[in-house]
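Read the structure below first, then the notes.
The values are calculated or read from the model by the stated rules, or taken from the named source; none is laboratory data. A quick note: this is a predicted structure, and the numbers were derived from the prediction, not measured. Quick reminder, even Gly has a Cβ in these numbers, built from the backbone with ideal geometry, and neighbours come from all protein chains shown.
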Amino acid sequence: MRSRRDVFKVRKLRRIYDKSQDKFSFHVEYETHTELTERTVEVAEAFGLGVDDAQRFPVLNAELKITPKDVVLITGDSGSGKSVLLRAIRSDLGSEAIDMSEVQVDVEKPIIESVGATVEEALELLSKVGLNDAFLFLRKYSQLSDGQRFRYRLAKFLESEKQWLLADEFAATLDRDTAKIVAFNLQKLARQQGKAVIAATTHDDLLEDLAPSVHVHKRFGEEIDIKYYPNQPAAECSLLQQMKVQGGTLDDWRKLSVFHYRSHNTAARRDVFSVRRRSELCGVIVYCYPFPQCAGRSKVLPKMSLKELNQRLSVISRIVVHPKYRSIGLGEKLIRDSLPLVHTPYVEMIAVMPKYNPFAERAGMRKVLVKEPPKQALAIAEVLKGLGFDVQLLGSQRYVRGKLDGLASGQIAELRTAFARNPHPCFREPIGADRYGSGSAAKVFREQLDKADLERLAKLVRIVGVLLQTKVYLFWEREK
């Protein structure tokens, strides 16, 4: 005996373009239909229903008006028809749209190599979706968590020329905090790029963060509720409203330092502030005493003694945000809310990431100078390329030492000569040139360079990798 089977589908969908309003109207007719089987006939007869009654189905007519720049949220219980509507719209849009599940990924390539036409473009795209961790850049898609994979697919969509992004069971596999963060970023980035999003979900907790301009709530049967709102981005992620910046401790920094790409050690610390969501530690910012010299400082401050600098100037040395809460503006909040709490009238920051993500400027700091790599580092980099080094991998201790171990003695001598001809103050300490020897600084540097073993040469090469980064100098002054 055959079993009963329900068929739920969109019977008709017509898309009409209203040029005056730049809007599409989707005219939808739903139908439900029960197939006639031996068992359904038997049930119909048992309850006194005629065959025609058993086959009867309701038709729902609905009109959904959306533009190619709207953010649409479709909610409703499982089985209410959300996915059916989404598939019908997807079919109608054809090559203009792409579903999140259709985004092509290379699972075995580091994600930095599989998005964007250049390294800068890749860093910008990945940072926008919250994958702004130096370690994550080097991971393969297959090594990412579900939440990170969702964010990566979003970056791939933003890179595509598709106008419409559709997502069924939107963020259904993610924990609800991550789902809210992803929803917030999706609407923000789609609106920035003038693209449309249509997301369907059974969850009812994403309305605030997705901030839809069109909300469709599909109930069982013929009932459907469609609401229209101004197409404006959410002001901030709902989770950010639950977070507060307060005084922190060095222990706070130690707990989150594992998520920072640079050394866990910091210079002489002056202040530490943390941001918490109730009892959960979400981020830390560390302020330190200033270095004696710094490019860009002379453009904003008069010449001061070291004592004066220590009294009047602090440096943002480290900012780290828990990976879960990245891309919702928490780094910006850490800077903006902690600056008034620092005990100096001036604050400076030198970093690489502000080149790709101006979060410090949004927090109230002023970009003063973009510092290009010094000529010494560029000259040595050319020699390294000639010796077979990939300069993008100079930050890897294992890679650099492996390459050095494979060089002939004449090639090692060529590398020593390159460093001798292009001395930089940052090269002195790693080989002991600031502590040993006599005579001029240049002579001491050459003497120590000649004695340096491969381990110390590897340190110099990695410093070249750091110097090759373009850094931004930012400045903040307390209002008088």
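List of remarks:
- Identity of the residue in the stretch 161-182, among the hydrophobic types (A, V, I, L, M, F, W, C) and touching a strand residue (DSSP E or B) at 6+ places or on another chain (Cβ under 8 Å), that ends up surrounded by the fewest Cβ atoms within 10 Å (Cβ to Cβ): A172
Here is a yes/no grid of residues against (1) within 28 Å of A88 (Cβ to Cβ); (2) touching a helix residue (DSSP H, G or I) at 6+ places or on another chain (Cβ under 8 Å):
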position: R176; (1), (2): no, no
position: G194; (1), (2): yes, no
position: D209; (1), (2): yes, yes
position: V214; (1), (2): yes, no
position: K218; (1), (2): yes, yes
position: K227; (1), (2): yes, no
position: G248; (1), (2): no, no
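- Residue in the stretch 111-131 that is surrounded by fewer than 18 Cβ atoms within 10 Å (Cβ to Cβ) and either of a type in the set (K, R) or in contact with a strand residue (DSSP E or B) (Cβ under 9 Å, 6 or more places away or on another chain) (or both) present: no
- Taking the numbered list (1) out of contact with any Lys or Arg (no Cβ under 7 Å at 6 or more places or on another chain); (2) surrounded by fewer than 20 Cβ atoms within 10 Å (Cβ to Cβ); (3) among the polar types (S, T, N, Q) in turn, Q448 passes all entries but (2).
- Test: residue in the stretch 395-405 that is modelled with pLDDT under 85 and either closer than 15 Å to I380 by Cβ or touching a helix residue (DSSP H, G or I) at 6+ places or on another chain (Cβ under 7 Å) (or both): yes
- Flag if E348 is under 30 Å from E479 (Cβ atoms), in the same structural domain as S327 (by TED's automatic domain parsing) and surrounded by fewer than 18 Cβ atoms within 10 Å (Cβ to Cβ): no
Here is a yes/no grid of residues against (1) outside any strand (DSSP E or B); (2) at pLDDT 90 or above:
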site: T173; (1), (2): yes, no
site: D177; (1), (2): yes, yes
site: A183; (1), (2): yes, yes
site: K188; (1), (2): yes, yes
site: R191; (1), (2): yes, yes
site: V197; (1), (2): no, yes
site: H215; (1), (2): no, yes
site: E222; (1), (2): yes, no
site: D225; (1), (2): no, no
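- Within the stretch 230-258, the set of residues being out of contact with any Phe, Trp or Tyr (no Cβ under 9 Å at 6 or more places or on another chain), part of a loop (DSSP other than H, G, I, E, B) and over 20 Å from A179 (Cβ atoms) comprises P230, N231, Q232, T249.
- Of residues in the stretch 326-377 being assigned to a loop (DSSP other than H, G, I, E, B) and polar (S, T, N, Q), the one farthest from D177 (Cα to Cα): T344
- Yes/no for A381 being over 21 Å from C426 (Cα atoms) and aliphatic (A, V, I, L, M): no
- Residues that are farther than 16 Å from F475 by Cβ, modelled with pLDDT under 90 and over 30 Å from the mean Cα position of the chain (by Cα), drawn from the stretch 283-342: P292
- Boolean, I198 is farther than 19 Å from S238 by Cβ and within 22 Å of the chain's Cα centre (by Cα): yes
- Leading residue by the ranking (surrounded by the fewest Cβ atoms within 10 Å (Cβ to Cβ)) among those in the stretch 212-229 that are among the hydrophobic types (A, V, I, L, M, F, W, C) and touching a Lys or Arg at 6+ places or on another chain (Cβ under 9 Å): I226
- 2 or more residues under 35 Å from the mean Cα position of the chain (by Cα) and touching a residue at least 24 places away in the same chain (Cβ under 8 Å): qualifying helices (runs of 4 or more DSSP H) within the stretch 386-480: 397-405, 454-467
- Residues of the stretch 272-310 that are among the charged types (D, E, K, R) and assigned to a strand (DSSP E or B): R276, R277, E280.
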